[in-house]
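Reading through the structure tokens given below for one structure.
The values are calculated or read from the model by the stated rules, or taken from the named source; none is laboratory data. Nothing here was measured: the structure is a model prediction, and the numbers come from that model. So basically every Cβ, Gly included, is an ideal-geometry build from the backbone, and we count neighbours across all protein chains shown.
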Amino acid sequence: MSEENSSDKFVPALGFSWLTRIYDPVVGLTTREQRFKSALLAQAGLAAPMEVLDLACGTGTLAIRAKRQHPGCEITGIDADDRILKIARGKAKKEGQAINFQQGFSTKLPFRDRHFDRVLSSLFFHHLLPDAKQLTFREVHRVLKPGGQLHIADWGKPGSFLMRGLFYFIQLLDGFDNTRDNVQGRLPELMRQAGFRNVTTGREFSTMFGTMTLYSGQK
């Protein structure tokens, strides 16, 4: 997922555009992707005819899986990086999945108010600086329908000293300012500040680089 910290700038997934093509195998090998994304979709409780947004969709893995499991849902994927969206569109076409992928920034979502039933986010918020996190949560709250839900899978507060040590690699790669709220377990607090209610912390997964945590909140 592309790092995005202003209205017109972003850093490609893995930090460099030339690494984008290996994003899928890297994430698959290092984050237990199959397990945590399956758990995220189960937590989200998708059902037809929901309108679903995959925020910072990257190469489209989560959006495609959601569409495959719930063909009656309308799935939209948004990302700041046109290059990675080209990969996502190619993957969806190969699988015969009709998904609307479009370019845009999380801090200024190009959607009307109260549009989506669910917003999903996987491995995105740790890329954002604190101000961008807050803006993004407010934007997600805006585009959700009343009663709609946000479901997140991202790095959380480490579950052990080992997980904390491993997470330093992520902080060196993505930045200490960007990841501080994650490692301190503050995403739920930021969600509440943006107006979300019934905010919960769900399952946790130990990975090669730290603790992957599921979160949810309702508008």
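The residue pairs whose first member lies in segment 133-154 and is closer than 14 Å to Arg186 by Cβ, whose second member is acidic (Asp, Glu), and whose beta carbons are closer than 8 Å, counting only pairs six or more residues apart or on different chains, are Lys133/Asp181.
With respect to (1) over 27 Å from Arg118 (Cβ atoms); (2) of a type in the set (Asp, Glu); (3) not in a helix (DSSP H, G or I), the lone exception for Asp177 is condition (3).
Taken over segment 123-181, residues that are over 25 Å from Gln218 (Cα atoms) and of a type in the set (A, V, I, L, M) amount to 6. Of the residues screened, Gly159 is one that is modelled with pLDDT under 95 and surrounded by fewer than 17 Cβ atoms within 10 Å (Cβ to Cβ). If the condition is being in contact with an Asp or Glu (Cβ under 7 Å, 6 or more places away or on another chain) and of a type outside the set (Val, Ile, Thr), then segment 87-107 contributes Gln103, Phe105, Ser106. The set of residues in segment 120-146 that are surrounded by fewer than 19 Cβ atoms within 10 Å (Cβ to Cβ) and either within 12 Å of the chain's Cα centre (by Cα) or assigned to a strand (DSSP E or B) (or both) comprises Lys145, Pro146. Kindly establish whether Phe125 is within 24 Å of Ile170 (Cα to Cα), in contact with a Ser or Thr (Cβ under 9 Å, 6 or more places away or on another chain) and of a type outside the set (Ser, Thr, Tyr). Against the criterion (within 24 Å of Ile170 (Cα to Cα), in contact with a Ser or Thr (Cβ under 9 Å, 6 or more places away or on another chain) and of a type outside the set (Ser, Thr, Tyr)), Phe125 qualifies. Being in a helix (DSSP H, G or I), touching a helix residue (DSSP H, G or I) at 6+ places or on another chain (Cβ under 8 Å) and modelled with pLDDT under 95, is that true of even one residue in segment 75-83? Yes - at least one qualifying residue is present in segment 75-83. Residue count for segment 190-211, restricted to those that are surrounded by 21 or more Cβ atoms within 10 Å (Cβ to Cβ), in contact with a His (Cβ under 9 Å, 6 or more places away or on another chain) and farther than 16 Å from Leu129 by Cα: 1. Residues in segment 53-74 that are surrounded by 18 or more Cβ atoms within 10 Å (Cβ to Cβ) and part of a strand (DSSP E or B): 3 in all. Close contacts from segment 160-171, counting a first residue that is in a helix (DSSP H, G or I) and of a type outside the set (A, V, I, L, M, F, W, C) and a second that is modelled with pLDDT of 80 or more and surrounded by 14 or more Cβ atoms within 10 Å (Cβ to Cβ), with Cβ to Cβ under 7 Å and a gap of 6+ residues or different chains, come to Arg164/Pro158; Gln171/Thr179. Could you check, for segment 91-101, whether at least one of its residues is out of contact with any Cys (no Cβ under 7 Å at 6 or more places or on another chain), touching a residue at least 60 places away in the same chain (Cβ under 8 Å) and of a type in the set (Val, Ile, Thr)? No - not one qualifying residue is present in segment 91-101.
Is it true that some residue in segment 34-52 is modelled with pLDDT of 95 or more, part of a strand (DSSP E or B) and not β-branched (Val, Ile, Thr)? Among the residues of segment 34-52, at least one is modelled with pLDDT of 95 or more, part of a strand (DSSP E or B) and not β-branched (Val, Ile, Thr), which makes the answer yes. From Leu214, Leu187, Leu166, which residue is at pLDDT below 95, touching a Gly at 6+ places or on another chain (Cβ under 8 Å) and either of a type in the set (Lys, Arg) or surrounded by 14 or more Cβ atoms within 10 Å (Cβ to Cβ) (or both)? Going through Leu214, Leu187, Leu166 in turn, the sole match is Leu166.
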